[in-house]
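See below for the structure under consideration.
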Amino acid sequence: MNLRTAPQRGVNFDYIMWIYTRLSALAMYALGLIGIIGALIMGARTDMSLPDLMRWAFTPEVTHVLNTNVANIDAWRTLFWRLMGSLLVLVGGAHGYHGLLNVLDDYVKSAPWRLFLRYFIIAIWIAMTVVAVYVIFTS
Amino acid sequence: MPLKRDVSLKDALRYQGKGPMLTYWLHRIGGLSMIIFISLHVLAGYMLNQPWGARAGVFIDTIYENWIFQVFIFACVLFHIINGLRITILDLWPRLIEYQREAIWLEWMVFVPVYGIALYTIVQNALGG
């Protein structure tokens with residue numbers, strides 16, 4: 001038998017991350033919508049296919065525009081879009097790595113291992129966020 | 001109160017969860033695929049500009065620039081986004097949980113046409129259109 005204690009009531013890591021997962025999803029819909037509207041204003045209506053537009057909305061990063069028919073990419077690499085991309089990476093990265101932790105928690109039975117995984121994934125999340133923001137600002 | 005965590009794969013597959021269970025699996029598979037893909041994508045983007053890692057970066061690039069991979073990852077992302085909206089709305093307004101099955105049908109009604117257009121474009125480009 002592999003037993004664990006049931007989640008506790010009140011404000012704790014699990015509760016905070018549960019509500020964060022929902023709220024960050026809402027934030028990402030807003031960021032995606034800003035990406036779509038911005039792209040349409042900057043010429044996606046005629047110069048981008050639907051998958052290209054989806055890719056840009058998913059992460060507004062200038063290299064995602066290179067394979068489209070957009071001729072001038074200056075408007076797509078402004079500080080505004082770099083900040084939007086970084087914001088998506090920050091919010092989405094925490095959402096995604098917590099999801100990974102959530103799935104692992106369901107299959108890893110030993111409590112010390114689950115604790116180790118929690119801190120391990122937080123470390124990976126921080127490292128990946130730094131790399132991603134660096135990539136966004138140097139591309 | 002302790003919870004029993006041991007459910008064998010056989011039992012899990014035999015569970016008759018139907019539509020809602022299918023969204024649960026697709027949400028997990030999609031989410032895991034995305035976090036692995038985006039992590040590799042970010043690392044490749046970083047390594048491409050480093051003298052020591054350009055070859056590894058190009059190697060990872062060729063995988064996700066392949067149209068078969070794009071067909072897969074677009075399905076993952078789009079389903080995760082649409083299903084996530086349902087989960088968020090139903091969790092934040094728990095009274096609506098009564099309409100969960102209708103919400104799932106609505107999900108597929110949004111997913112099929114949007115993914116269909118994206119799929120058509122990706123495959124058309126892949127075949128040289």
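Any residue at all in the stretch B:58-81 that is among the acidic types (Asp, Glu), within 24 Å of B:Lys18 (Cβ to Cβ) and within 14 Å of another protein chain (Cβ to nearest Cβ)? Reasoning before the result, please.
Of the stretch B:58-81, the ones among the acidic types (Asp, Glu) are B:61, B:65.
Those still in the list that are within 24 Å of B:Lys18 (Cβ to Cβ) too: none.
For the stretch B:58-81, residues among the acidic types (Asp, Glu), within 24 Å of B:Lys18 (Cβ to Cβ) and within 14 Å of another protein chain (Cβ to nearest Cβ): absent.
So which of A:Ser110, A:Ser86 ends up being more than 9 Å from chain B (Cβ to nearest Cβ), of a type in the set (Ser, Thr, Tyr) and within 16 Å of the chain's Cα centre (by Cα)? So that I can check it myself, show each step before the final result.
Details: A:Ser110 fails: within 16 Å of the chain's Cα centre (by Cα).
Within the list A:Ser110, A:Ser86, the selection yields A:Ser86.
Take the residues in the stretch A:25-49 that are crowded, with 18+ Cβ neighbours inside 10 Å and under 13 Å from the mean Cα position of the chain (by Cα); name whichever of them is nearest to the other protein chains (Cβ to nearest Cβ). Spell out the reasoning first.
Restricting attention to the stretch A:25-49, the residues satisfying the condition of being crowded, with 18+ Cβ neighbours inside 10 Å are A:25, A:28, A:31-32, A:35, A:38-39, A:42, A:44, A:48-49.
Next cut, under 13 Å from the mean Cα position of the chain (by Cα) only: A:25, A:28, A:31-32.
On the way: A:Ala25: 5, A:Met28: 8, A:Leu31: 12, A:Gly32: 8 Å.
Filtering first and then ranking leaves A:Ala25.
Can you pull out the residues in the stretch A:19-74 that are of a type in the set (Gly, Ala, Ser) and part of a helix (DSSP H, G or I)?
Step one: of the stretch A:19-74, the residues of a type in the set (Gly, Ala, Ser) are A:24-25, A:27, A:30, A:32, A:35, A:38-39, A:43-44, A:49, A:57, A:71.
Listed by number, the residues that qualify are A:Ser24, A:Ala25, A:Ala27, A:Ala30, A:Gly32, A:Gly35, A:Gly38, A:Ala39, A:Gly43, A:Ala44, A:Ala57.
Among the numbered criteria (1) of a type outside the set (Val, Ile, Thr); (2) under 17 Å from A:Ile16 (Cα atoms); (3) out of contact with any Gly (no Cβ under 6 Å at 6 or more places or on another chain), which one does A:Gly99 miss?
(3)
Got at least one residue in the stretch B:86-106 being within 14 Å of chain A (Cβ to nearest Cβ) and within 14 Å of the chain's Cα centre (by Cα)?
no
Would you pick out the residues in the stretch B:9-60 that are part of a helix (DSSP H, G or I), among the aliphatic types (A, V, I, L, M) and over 23 Å from the mean Cα position of the chain (by Cα)? Reasoning before the result, please.
Taking the stretch B:9-60 as the starting set, the residues that turn out to be part of a helix (DSSP H, G or I) are B:9-14, B:18-47, B:54-60.
Within this subset, residues satisfying the condition of being among the aliphatic types (A, V, I, L, M) are B:9, B:12-13, B:21-22, B:26, B:29, B:32, B:34-36, B:38, B:40, B:42-44, B:47, B:54, B:56, B:58, B:60.
Passing the criteria: B:Met47, B:Ala54, B:Ala56, B:Val58.
Only residues that are hydroxyl-bearing (Ser, Thr, Tyr) and within 9 Å of chain A (Cβ to nearest Cβ): list them for the stretch B:19-54, please. Write out each step before concluding.
Kept after step one, since they are hydroxyl-bearing (Ser, Thr, Tyr), are these residues of the stretch B:19-54: B:23-24, B:33, B:39, B:46.
Those that are hydroxyl-bearing (Ser, Thr, Tyr) and within 9 Å of chain A (Cβ to nearest Cβ): B:Ser39, B:Tyr46.
Read-outs throughout are calculated quantities, based only on the coordinates presented, and are distinct from any laboratory measurement. Note that the coordinates shown come from a computational prediction; the quantities given were computed from them, not determined experimentally. Every residue, glycine as well, gets a Cβ built from its backbone with ideal geometry; the counts of neighbours run over all protein chains shown.
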